[in-house]
Amino acid sequence: MEVAAGWTHKAFPIDDPSRVGEARRHAAQLAHEAAFGEVDAGRLALVVTELGTNLSRHASKGRLLVAARPHSGDIEVLSIDEGPGIADLQRAMQDGQSSGSTPGTGLGAVRRLASDFDIHTSVPAGTICLARVRKSGFKDAAASAEFLIGAVCLPVAGEAVCGDGWAAAIDGTRLGLLVADGLGHGPEAAKASLAATSVFSKHPFEGLRETLQRVHVALKTTRGAAVCALSIDAQASTVGYIGAGNVVGRVVSGVFDRSLVTQHGTAGVQIRKPEQASMELPPHSLVIVHSDGIDTRWKSARIAAALQSDPAIVAAILLREHTRHRDDATVVVVRRKRY
């Protein structure tokens, strides 16, 4: 069984060329903390430089999101912009199509340097590019797992810590997930969400009712949190879920779109008797859970073209197009790897 504590991104709006260097220095610090070797740290620096320079020169409202993912031994870089999109993606991926006088050769270099790479573009909505650089010699357990997990977790502007938190566990064909949104934002909200994910991580495949009750008790000494816990059984093609408050979920495929409806309340403050529900998990579907920093009224058509992309691409699309900008924002997306 593998339990992954959810990662949090740091955002760098690329509104000035100097911000590219700021993002690169942050990535270098994460690489140092993760004991990256010189070669791997150099690859990461080039990835950040290329993606950041592309945003600075060619994109509208571009930003880089950077996060360390300890369970996978990598550092993730998401490049997000709001236009104009890439009209000829195949040509843009060729060598020689650099963003300018940068050390590499544009997106083609990023693809070669990255351990994981994916890109989604739409004219004129914009482009989202994902690149992860993994430490050499690190055995990525997620590579052989039944599920792919992608997530974006960002504190509200002006806060150094995120009041949202999440954690996931994979055991063969089973996946457990908990997303918590501490009331308000800042350090006290973060304490509540951390308490919730810590309880889940100790018993990730305990019954969902028991999980919610344990979380409720643990959060009584905090300001409380909205939570949603779920369990996916790939063999049975079902997803069970339970929750309290405004952390919401959806199961989406090309022909299926259904919400995971949970009860009102706040874990640690007041909840009714926990009510568990379940639904089918159609083939090729995504399970999406997000905090209320994301507007709930998004249309599944907005992510239809990215359903087979890395789940982090889908999370970034929802963040780009539906964030409320006044609270912490977290989106976790799960997809089965095999059918």
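Sort through Leu318, Leu260, Leu307, Leu230 and tell me the only one that's under 25 Å from Thr127 (Cβ atoms) and in contact with a Phe, Trp or Tyr (Cβ under 8 Å, 6 or more places away or on another chain).
Leu318
Give me the helices (runs of 4 or more DSSP H) completely within segment 18-98, filtered to those with at least 1 residues that are of a type in the set (Ser, Thr, Tyr) and farther than 18 Å from Cys129 by Cβ, ordered by residue number.
18-33
Please verify whether segment 266-281 includes one or more residues that are over 15 Å from the mean Cα position of the chain (by Cα), within 30 Å of Ser122 (Cα to Cα) and assigned by TED's automatic domain parsing to the domain that holds Ala169. Reasoning before the result, please.
As a first pass, look at segment 266-281 and keep what is over 15 Å from the mean Cα position of the chain (by Cα): 266-281.
Checking which are within 30 Å of Ser122 (Cα to Cα) leaves us with 281.
The next check asks that each one be assigned by TED's automatic domain parsing to the domain that holds Ala169; those that pass are 281.
Yes, that holds for at least one residue.
Return the residue satisfying two criteria in turn: it lies in segment 7-17 and is modelled with pLDDT of 95 or more, of a type outside the set (Val, Ile, Thr) and not in a strand (DSSP E or B), and of such residues it is surrounded by the most Cβ atoms within 10 Å (Cβ to Cβ).
In this case the residue turns out to be His9.
Quick one: which residue in Ala301, Ala306 is exposed (fewer than 15 other Cβ atoms within 10 Å of the Cβ), in the same structural domain as Ala195 (by TED's automatic domain parsing) and among the small types (Gly, Ala, Ser)?
On inspection, the qualifying residue turns out to be Ala301.
How many residues are of a type outside the set (A, V, I, L, M, F, W, C) and at pLDDT 95 or above when one looks only at segment 301-320?
Of the residues in segment 301-320, 4 are of a type outside the set (A, V, I, L, M, F, W, C) and at pLDDT 95 or above.
From the residues in segment 90-113 that are at pLDDT below 85 and under 11 Å from Leu46 (Cα atoms), which one is surrounded by the fewest Cβ atoms within 10 Å (Cβ to Cβ)?
Here the residue is Pro103.
Would you please name the residue that is surrounded by the most Cβ atoms within 10 Å (Cβ to Cβ), looking only at residues in segment 206-224 that are farther than 16 Å from Glu275 by Cβ and among the hydrophobic types (A, V, I, L, M, F, W, C)?
Within segment 206-224, the match that is surrounded by the most Cβ atoms within 10 Å (Cβ to Cβ) is Leu219.
Can you confirm whether segment 294-313 contains a residue that is in contact with a helix residue (DSSP H, G or I) (Cβ under 8 Å, 6 or more places away or on another chain) and assigned to a strand (DSSP E or B)?
Yes, there is a match, as at least one residue in segment 294-313 is in contact with a helix residue (DSSP H, G or I) (Cβ under 8 Å, 6 or more places away or on another chain) and assigned to a strand (DSSP E or B).
Test Glu188 against the criterion of being surrounded by fewer than 24 Cβ atoms within 10 Å (Cβ to Cβ), in contact (Cβ under 8 Å) with a residue 12 or more places away in the chain and either assigned by TED's automatic domain parsing to the domain that holds Lys61 or charged (D, E, K, R) (or both), and give yes or no. Before you say what the answer is, go through the steps one by one.
Numbers: surrounded by fewer than 24 Cβ atoms within 10 Å (Cβ to Cβ): yes; in contact (Cβ under 8 Å) with a residue 12 or more places away in the chain: yes; either assigned by TED's automatic domain parsing to the domain that holds Lys61 or charged (D, E, K, R) (or both): yes.
So Glu188 fits the description; yes.
Restricting attention to segment 254-269, and to residues there that are of a type in the set (S, T, N, Q) and modelled with pLDDT of 95 or more, which single residue is surrounded by the most Cβ atoms within 10 Å (Cβ to Cβ)?
Thr266
Go through Val287, Val251 for me and flag whichever is assigned by TED's automatic domain parsing to the domain that holds Ser193, within 20 Å of Gly207 (Cα to Cα) and not in a loop (DSSP other than H, G, I, E, B).
Just one listed residue meets the conditions, Val287.
Listed residues Val161, Val215; which is more than 19 Å from Lys337 (Cβ to Cβ), out of contact with any strand residue (DSSP E or B) (no Cβ under 9 Å at 6 or more places or on another chain) and β-branched (Val, Ile, Thr)?
Val161
A quick yes/no check of all residues on (1) touching a helix residue (DSSP H, G or I) at 6+ places or on another chain (Cβ under 6 Å); (2) modelled with pLDDT of 95 or more:
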{"position": "Asp140", "(1), (2)": "yes, no"}
{"position": "Glu146", "(1), (2)": "no, no"}
{"position": "Ala151", "(1), (2)": "yes, yes"}
{"position": "Ala160", "(1), (2)": "no, no"}
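Out of all the residues in segment 316-339, which are of a type in the set (Asp, Glu) and part of a helix (DSSP H, G or I)?
Glu321
Does at least one position in segment 32-52 carry a residue that is crowded, with 23+ Cβ neighbours inside 10 Å and touching a Cys at 6+ places or on another chain (Cβ under 8 Å)?
The answer is yes, given that some residue of segment 32-52 is crowded, with 23+ Cβ neighbours inside 10 Å and touching a Cys at 6+ places or on another chain (Cβ under 8 Å).
The values are calculated or read from the model by the stated rules, or taken from the named source; none is laboratory data. Nothing here was measured: the structure is a model prediction, and the numbers come from that model. Backbone-built Cβ (ideal geometry, glycine too); neighbour counts: all protein chains shown.
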